[in-house]
Amino acid sequence: MPRTGGVLVAALLAAFAAAPALACDFDHAPTSHWSVASENGAQWLKTPCGHRFYSLGINILDGGNGEHGKLGQAYTGYDWQKFAPTIADWAAASRRRLSEWGFNSAGGWSLPPQESRLPTVINLELGRLAKFHWFDPFSPDTEARMMSLARDLVAPYRGSPYRIGYFSDNEVGWWAGALFGFFSMKPADNVTKQRWVAMLRRHYSEDWARFTADFRPPEGVGSWDGLLDARQLTALRPDSHGIAAVREWAGIVAERYYTLAERAIRAADPDALYFGDRLPIYYDPAAVKAMAPHVDAIAINYNVDAGDGWLARYFFGGLEKLSGGKPVLITEWFFAARENRTGNTNNGHLMTVDTQAERAQGAAAATRNFAALPEIVGTHWFQYYDHPKGGRADGEDYNFGLVDVEDRPYEQLTEALAAANRDAPAIHAAAAKNAAAGGHVNNDGPIVLPHADIDVHDKSLADWPKPASLLPPLKPSPGTVDFGEIYLSWNERGLALGTIGQDYFDIDLFPYAGSFPLAEAYRVELGLDLGAGPRRFTLFFIPPRTKLRDHPPMTALLCAGAAAQIIAEGCHPVPDAEAVYFGADQPRITAEMLLPWSALGFAPPQPGAKLRAEVAMTSWHRERWMSLSGEAPERAMADPAHWLPVRLGDGLALKRPAGAPG
């Protein structure tokens, strides 16, 4: 996280505390127009009164009762009728409570703003209700439905100063492989299927042989016309370049969606902001590029990267590059704890810690870390109350609430968030200055790796000294952006590597027989030379053969050698090495590994020992890559003379600064 700048932030916090709050009287605002603006390099929402506004919001501020438990069971969730005589009384009490905790707005699935009396961003579900996804997005009828439906959906909110703006949908997702495969099976009279074939003809310059080198069309299909008529899946071949066409198609469909959604919403309510469709905890680069010209700010949900509130640098850096610096609204973020009063089991891969004390500490740190990013205009906590006892109807069962299902606050959490929320506007006001101060990289000295006792089996990066161990940003392949980051540290047992990244593999688009082909795998390559000659290692990620909800985790396969050699000759395990994948399945990819010094041909070294290193990452199907040197992975690993100098530090000694969020 960019440094929050000691003296500067202390002065700003004092000034904010001493100054009267610049609160807009929304009941008497001169207009209903909201806007976004940059002040001193930090992005802000602007209220109808002209005041800057950092949105600290709450999702599902709706009183409960509508969020039913599992089918066939009595309702065991939060119900306002147990706590207040009317929904208006409940809303007033909740508003007072949230104000005490530092929250100032509401997000998705909340009461209408005229009832909550809070500035609110409303989820319209426009694309879903208009049957944009996934029927026939390019049909003229789809545009007509979206235009008409938008007028009806915004009517209750148009003209209200409490209405900040709209989400067109929730988590459309933009899963590129699924989009490609789905429309390959549509009938010939589907206008979008026609666009799909036209895209492929253009992409392959009408060359059917080039197309079939990358894709396996349905049996018996031997022409473009036959491909249009086919109703079976067109699948990606191994060792091909077809993923570029898959990504292009995702961008085409996303461009259609955001064009129509923006047109419909701005025509229906021109004074409102448009935030897009609440991207999930992953983003497709083609979709973000398509979105950027059409939204006022990018709405995205986020799964915090460690229990201490750490935020991955690459994630927000990639968004900034893809969007041209658009503001960002975090529309869902959360912490759950295994210790909770509702009895939630926290049954998936979302951020979960052991105790309410850890939950409070991590959530408060994340609040401040988000605020220290200059592009972020607010964060919306998910959600006001816990999931029902026994879980929701869809099986999700998390301790996400500020309160339990009996309306009792988790006081450690709310007290910690109250303090962090009070700090957030001042931290944000200083964000651009501190990002600039913390972003300088000294290219003259070696990278210094901190000494740290890392447990690679704890399924967390919480024990990592992350600002010190985070390597400088890897340089991405031409035309792409960062999709992950690497952490390195050392101890008496060996050298540890941690990684956080994102990419998506679709098992339906790429059916395969036998073992997963390593050439198609997402992977991390590490080259090291401590003076005993260069050693190379590759960590492959092997996806499961299922698409079940809360997928079984991927497998981390650590092999000796560079990837090209392993793909050609097979995997040779590294004796006594440890590699652990954690989280759930992709698209968020997280792992740790420990290489013993014996694997590096070296006795346990002392602080100050010098070595040379190269690190590279490659995405699924070799679509894109990154490396420390900026060279393609195969070339980078083959050229140890140009590996970067590294020195083993002592304790948490800082390496050259990398301007890291977290």
Surrounded by fewer than 17 Cβ atoms within 10 Å (Cβ to Cβ), modelled with pLDDT of 95 or more and either of a type in the set (Asp, Glu) or more than 28 Å from Leu648 (Cβ to Cβ) (or both), is that true of Pro517? yes
From the list Thr538, Thr480, which residue is of a type in the set (Ser, Thr, Tyr), under 25 Å from Tyr314 (Cα atoms), surrounded by fewer than 21 Cβ atoms within 10 Å (Cβ to Cβ) and at pLDDT 95 or above? Thr480
If a residue has to be in a helix (DSSP H, G or I), out of contact with any Leu (no Cβ under 8 Å at 6 or more places or on another chain) and either without any contact (Cβ under 8 Å) to a residue 60 or more places away in the chain or more than 24 Å from Thr331 (Cα to Cα) (or both) to count, how many in region 79-107 make the cut? 10
Residue hits (region 120-136; assigned to a loop (DSSP other than H, G, I, E, B) and basic (Lys, Arg)) are Lys131
Selected residue [modelled with pLDDT under 65 and either over 31 Å from the mean Cα position of the chain (by Cα) or of a type in the set (S, T, N, Q) (or both)] from Ala29, Ala10, Ala15, Ala23: Ala15
Unique match (being under 32 Å from the mean Cα position of the chain (by Cα), at pLDDT below 95 and not charged (D, E, K, R)) among Gly251, Gly173: Gly173
For Arg341, state whether it is assigned to a helix (DSSP H, G or I), of a type in the set (D, E, K, R), closer than 24 Å to Tyr78 by Cβ and touching a residue at least 12 places away in the same chain (Cβ under 8 Å). no
Since Ala563 meets every condition but one in (1) surrounded by fewer than 22 Cβ atoms within 10 Å (Cβ to Cβ); (2) in contact (Cβ under 8 Å) with a residue 40 or more places away in the chain; (3) within 27 Å of Arg247 (Cα to Cα), which condition does it not meet? (1)
Count, please, the residues in region 262-280 that happen to be within 16 Å of His133 (Cβ to Cβ), not in a helix (DSSP H, G or I) and not charged (D, E, K, R). 3
So which of Asp354, Asp394, Asp423, Asp404 ends up being in the same structural domain as Tyr75 (by TED's automatic domain parsing), within 30 Å of Ala42 (Cα to Cα) and surrounded by fewer than 23 Cβ atoms within 10 Å (Cβ to Cβ)? Asp423
Flag for Thr192 being within 23 Å of Lys289 (Cα to Cα), touching a helix residue (DSSP H, G or I) at 6+ places or on another chain (Cβ under 9 Å), crowded, with 19+ Cβ neighbours inside 10 Å and of a type in the set (Ser, Thr, Tyr): yes
All but one of (1) within 30 Å of Tyr385 (Cβ to Cβ); (2) surrounded by fewer than 24 Cβ atoms within 10 Å (Cβ to Cβ); (3) touching a helix residue (DSSP H, G or I) at 6+ places or on another chain (Cβ under 9 Å) hold for Pro280; state the number of the condition that does not hold. (3)
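Is there a residue in region 254-266 that is over 22 Å from Thr120 (Cα atoms) and assigned by TED's automatic domain parsing to the domain that holds Tyr157?
No, that holds for no residue.
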Search result, residues across region 333-344 that are under 22 Å from Asp407 (Cβ atoms) and either in contact with a Gly (Cβ under 7 Å, 6 or more places away or on another chain) or crowded, with 20+ Cβ neighbours inside 10 Å (or both): Phe334, Phe335, Ala336, Ala337, Asn340, Thr342, Asn344
Take Arg523 and tell me if it is farther than 26 Å from Val246 by Cβ and at pLDDT 95 or above. no
Within region 142-158, does at least one residue satisfy the condition of being touching a strand residue (DSSP E or B) at 6+ places or on another chain (Cβ under 6 Å) and at pLDDT 95 or above? yes
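Please tell me if Arg158 is of a type in the set (Lys, Arg), in the same structural domain as Glu411 (by TED's automatic domain parsing) and in a loop (DSSP other than H, G, I, E, B).
The answer is yes for Arg158.
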Would you pick out the residues in region 422-467 that are among the aliphatic types (A, V, I, L, M), at pLDDT 95 or above, out of contact with any Ser or Thr (no Cβ under 9 Å at 6 or more places or on another chain) and not in a helix (DSSP H, G or I)? Ile447, Val448, Val456
State all residues of region 212-261 that are part of a helix (DSSP H, G or I), closer than 16 Å to Leu179 by Cα and in contact with an Asp or Glu (Cβ under 6 Å, 6 or more places away or on another chain); if no residue qualifies, say none. Ile243, Ala250
Scan region 613-649 residue by residue and report those that are out of contact with any Ser or Thr (no Cβ under 8 Å at 6 or more places or on another chain), of a type in the set (Gly, Ala, Ser) and part of a strand (DSSP E or B). Ala613, Ser627
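Here is a yes/no grid of residues against (1) surrounded by fewer than 21 Cβ atoms within 10 Å (Cβ to Cβ); (2) of a type in the set (Phe, Trp, Tyr); (3) more than 18 Å from Ala496 (Cβ to Cβ); (4) touching a Pro at 6+ places or on another chain (Cβ under 7 Å):
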| position | (1), (2), (3), (4) |
| --- | --- |
| Pro587 | yes, no, yes, no |
| Met593 | no, no, no, no |
| Trp597 | yes, yes, no, yes |
| Ala603 | yes, no, no, no |
| Pro633 | no, no, yes, no |
| Ala636 | no, no, yes, no |
| Trp643 | yes, yes, yes, no |
| Val646 | no, no, no, yes |
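The values are calculated or read from the model by the stated rules, or taken from the named source; none is laboratory data. All values derive from a computational prediction rather than experimental measurement. Note: ideal-geometry Cβ built from the backbone for every residue, glycine included; neighbour counts use all protein chains shown.
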